[in-house]
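Only the coordinates and a few stated rules stand behind these numbers; no lab work does. Since the model is a prediction, treat every value here as computed from it, not as a measurement. Cβ placement follows ideal geometry from the backbone for every residue including glycine, while neighbour counts extend to all protein chains displayed.
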There are 2 protein chains.
Amino acid sequence: MENIKVIIWGLGAMGSGVARTLLQKKGIDIVGAIDMGEKVGKPLFEVINQSHPHKINIPVGTTDDYIKANQADVVIICTDSYVKGNFEKIKRVLENKMNVISSAEEMAYPKAQNPELAAEIDRLAKENGVSVLGTGINPGHIMDLLVLVMTGALVDVKQITSKRINSLSPFGKAVMEEQGIGLTPEAFNQRKAAGEMAGHVGFEESVHMMADALGVQLDALTTEMQPIITEVDRKSPYGEAKAGQVAGVDMSAKGMVDGKEFFTLQHPQQIEPEQVGVETGDYVIIDGSPNVNLVNTPEIEGGLGTIAMLVNMIPKIINAEAGLKTMIDLPIPHAILGDFRDQVNEAKRPFK
Amino acid sequence: MENIKVIIWGLGAMGSGVARTLLQKKGIDIVGAIDMGEKVGKPLFEVINQSHPHKINIPVGTTDDYIKANQADVVIICTDSYVKGNFEKIKRVLENKMNVISSAEEMAYPKAQNPELAAEIDRLAKENGVSVLGTGINPGHIMDLLVLVMTGALVDVKQITSKRINSLSPFGKAVMEEQGIGLTPEAFNQRKAAGEMAGHVGFEESVHMMADALGVQLDALTTEMQPIITEVDRKSPYGEAKAGQVAGVDMSAKGMVDGKEFFTLQHPQQIEPEQVGVETGDYVIIDGSPNVNLVNTPEIEGGLGTIAMLVNMIPKIINAEAGLKTMIDLPIPHAILGDFRDQVNEAKRPFK
């Protein structure tokens, strides 16, 4: 069987990480890399800042260069967080009869907030005999999939608390800016009021995914965003918050079922949490039969975790039936240390 | 859609627990219950020691009474731990065009130790257009599936340690006898030498499942069984071990890949572990990129956990393509709190 063929659309932190990871894997080739502006025309290995003397170094190109019928088995889209931002790109890939994996948080369960576009993506995928998946570390794993997997061992579930307490310190300037690190509380609240603080994208998707899998009716879903104001000066490689300034964002969500808070999601993100005694980690706490009291410390790093999910789901989306899929439709995610071709049903490959 | 129809074959602790759980669920009926000896002819609710005034109380019957073509959507077999012990039963169900879920530990990955029988089950299932799954808490979830799900967020894996430290105290006389509680070390070793100590069944299945999913070649797999000799007197409701006697069984396994110990499984089971400061729990420790350091305390109770997995996988095995399936082929397990019919593709139902 020929190597599995992948095109990466978007070479920011996620797309570049996917490229670096695929270059370590067996039985899989990067046959296209798409970006805009000054990256176009440069060799891929230069853009991702690596050297691979024995591998083919394709040039970064435009959509027209690489999105052509049956050019690859999967196109991995890493451009933005939203279904609306992804839609035209996904449509173009599907019309060229290739599968899609997207890093967009909203694509993890697109019908949660974009049911019409989700239905249209499903229709286009089926029409072209290929499939589409949105995934990542969160949504896609820690705060939804892992919770559901734990409920698999439960005969009843009364309440679910899913917490992800992470450090923003490993992230760069863009994330510091995005999350408002170093702002005064007033400036944070102004930006929030103007709708310019995104915080974590994905609570709606995680909660709807869990509710649909469990078969419970969501009466209401509310999300909240509060600044984490530090009482001590904090400094990370790319961020700084003096006492009284914003050191992070505390995101939370509540999903109501039968008038009770059934889903509780807490996701505080901040620089240097250790400095104030906050232990980072992923927590799944379920009041059920039996109970679950699961902790993973420290948290699975978001960047690497998302890159891993995008790469590890490649065989699953190739093998899937045509249509829009989510993490609850496909077999479980797992690392792939062997040859990717061993995990792929050749009859399902769109690459010709 | 008519309610989903289930037959339970074997009304020991697991089968009775499945019956009790199904009676709490929506959109699903027990239409058959099979056992032997004095249970036959008794009403099911009497055998499981419950009262359900508004539900139909079928009599416990024989195989001939209930295994007939298309009588149910799924037959849940809870009789023994082995592929060989299950084979004739599974064959008979498949020939009657019904899906199978088995609690037999070896059925969780039957090709690990019984490749010919596994191939024959797969052939029979495909010939009859139905499917077969073995599952439970372990193998089936904690020491294999959960480990794999965590590797989904990893770009590389160097070593996996999976530990399940559990208490035998909640179990009854049969388990105390089976695990040698209260024996002298000499008596334990005699029984072990005679091949009469089963201990935990499932390490081969868990390790082969993980190796195949990850795509690594297993060079060797060794398992070990040692008595846990207590230094203090211990007493549980059904078991007793004086100082110097056997309080449990310490099971472990090593899976070698490329000459290194890649898989380390540890599963000590004992009465009253708290008395000697042993904290029970489920542990997944992965040396990878990134690392995983996951703990669930206390452990998911084995009995309830297995019952839950058997029940929660019902829609997945109905919807599956024909053939022998394992937990790595099917969508993720999760609890079902709503109507079972909402999760089933009617076109796939064998019940007529």
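Structure above, values below:
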| quantity | calculated |
| --- | --- |
| Rg [Å, one decimal], Dmax [Å, integer] - the protein assembly as shown, C-alpha atoms | 26.2, 81 |
| Whole-Å distance, taken between Cα centres, linking the stretch B:128-166 and the stretch A:257-326 | 17 Å |
| 0 to 90° range, to nearest 10: angle between helix B:302-312 axis and chain B longest Cα axis | 30 degrees |
| Per-residue ³J(HN,Hα) for the stretch B:315-328, Karplus 6.51 cos²θ - 1.76 cosθ + 1.60, θ = phi - 60°, Hz, x for Gly and Pro | x, 5, 6, 5, 6, 5, 5, 4, x, 7, 10, 10, 4, 8 |
| Helix B:115-128 vs. chain B, principal-axis angle (Cα, 0 to 90°, nearest 10) | 20 degrees |
| For A:Met225, net neighbour charge (Lys/Arg +1, Asp/Glu -1) across residues whose Cβ lies under 9 Å away | -1 |
| Size of electric dipole in chain A: Cβ of Lys, Arg +1 and of Asp, Glu -1, about Cα centre, debye, nearest 20 | 1020 debye |
| Dipole in debye (nearest 20) - the protein assembly as shown, about Cα centre, beta carbon charges: Lys, Arg +1; Asp, Glu -1 | 1340 debye |
| 5 angstrom amide H check on A:Ser102, placed H, neighbours 5+ away | A:Ile77, A:Leu133, A:Gly134, A:Thr135 |
| Across the identical copies, how the B:Glu196 labels are spaced - nm, sorted shortest first, 7 Å along Cα→Cβ | 8.0 |
| DSSP beta bridge pairing in chain A, given as percent antiparallel to the nearest 5 | 55 percent |
| For B:Ala33, distant residues with modelled amide H under 5 Å away | B:Ile8, B:Gly61 |
| Under Karplus coefficients 6.51, -1.76 and 1.60, residue-wise ³J(HN,Hα) of the stretch B:197-212 in Hz, glycine/proline x | 10, 7, x, 7, 9, x, 4, 4, 5, 4, 5, 5, 4, 5, 4, 5 |
| Amide H partners (placed H, <5 Å) of A:Gly202, local residues excluded | none |
| Charge-dipole axis of chain A as Lys and Arg at +1 and Asp and Glu at -1 on Cβ define it, positive-most pick from A:Phe340, A:Thr135, A:Val292 | A:Phe340 |
| Proximal charge balance of A:Pro268 [Cβ under 9 Å; K/R count +1, D/E count -1] | +1 |
| Point-charge dipole on Cβ atoms (K/R +1, D/E -1) for the stretch B:9-99, about Cα centre, debye to 20 | 240 debye |
| In Hz, Karplus ³J(HN,Hα) per residue of the stretch B:9-22 (6.51, -1.76, 1.60; θ = phi - 60°; x = Gly, Pro) | 10, x, 10, x, 4, 5, x, 5, x, 4, 4, 4, 5, 4 |
| Shielding by other protein chains, B:300-313, mean Cβ within 10 Å | 4 |
| Relative exposure of B:Met309, B:Met143, judged by other C-beta atoms within 10 Å (fewest first) | B:Met309, B:Met143 |
| Shielding of A:210-220 by partner chains, average beta-carbon count, 10 Å | 4 |
| Out-of-range pairs (alpha-carbon distance over 27 Å; input B:Lys5/B:Lys42; A:Lys325/A:Lys352; A:Lys126/B:Lys348; A:Lys25/A:Lys163) | A:Lys25/A:Lys163 |
| Top positive-direction residue, dipole computed over chain B with Cβ charges, set B:Gln266, B:Leu22, B:Gly303 | B:Leu22 |
| Cα gyration tensor category, rounded, prolate or oblate, for chain B with a/c compared to 1.5 | oblate |
| Residue-averaged 222 nm ellipticity for the protein assembly as shown, from DSSP H runs of 4+ at -39500 (n - 2.57), nearest 500 | -7500 deg cm²/dmol |
| Relative contact order (%) - the stretch A:145-299, alpha-carbon pairs under 8 angstrom, separation at least six | 36 percent |
| Label point 7 Å beyond Cα along the C-beta direction, distances from B:Lys158 to other copies (nm, shortest first) | 4.4 |
| Considering only the protein assembly as shown, percent of DSSP beta bridges that pair antiparallel, nearest 5 | 60 percent |
| Exercise: per-residue mean of other protein chain Cβ atoms within 10 Å, A:279-285 | 1 |
| Copies compared at B:Arg92 - label distances in nm, ascending, label defined 7 Å from Cα in the Cβ direction | 6.2 |
| The stretch A:145-299 - Rg over Rh from alpha carbon coordinates, Kirkwood radius | 1.02 |
| Average Cα contact separation per residue, chain A, under 8 Å, 6 or more apart, as relative contact order % | 22 percent |
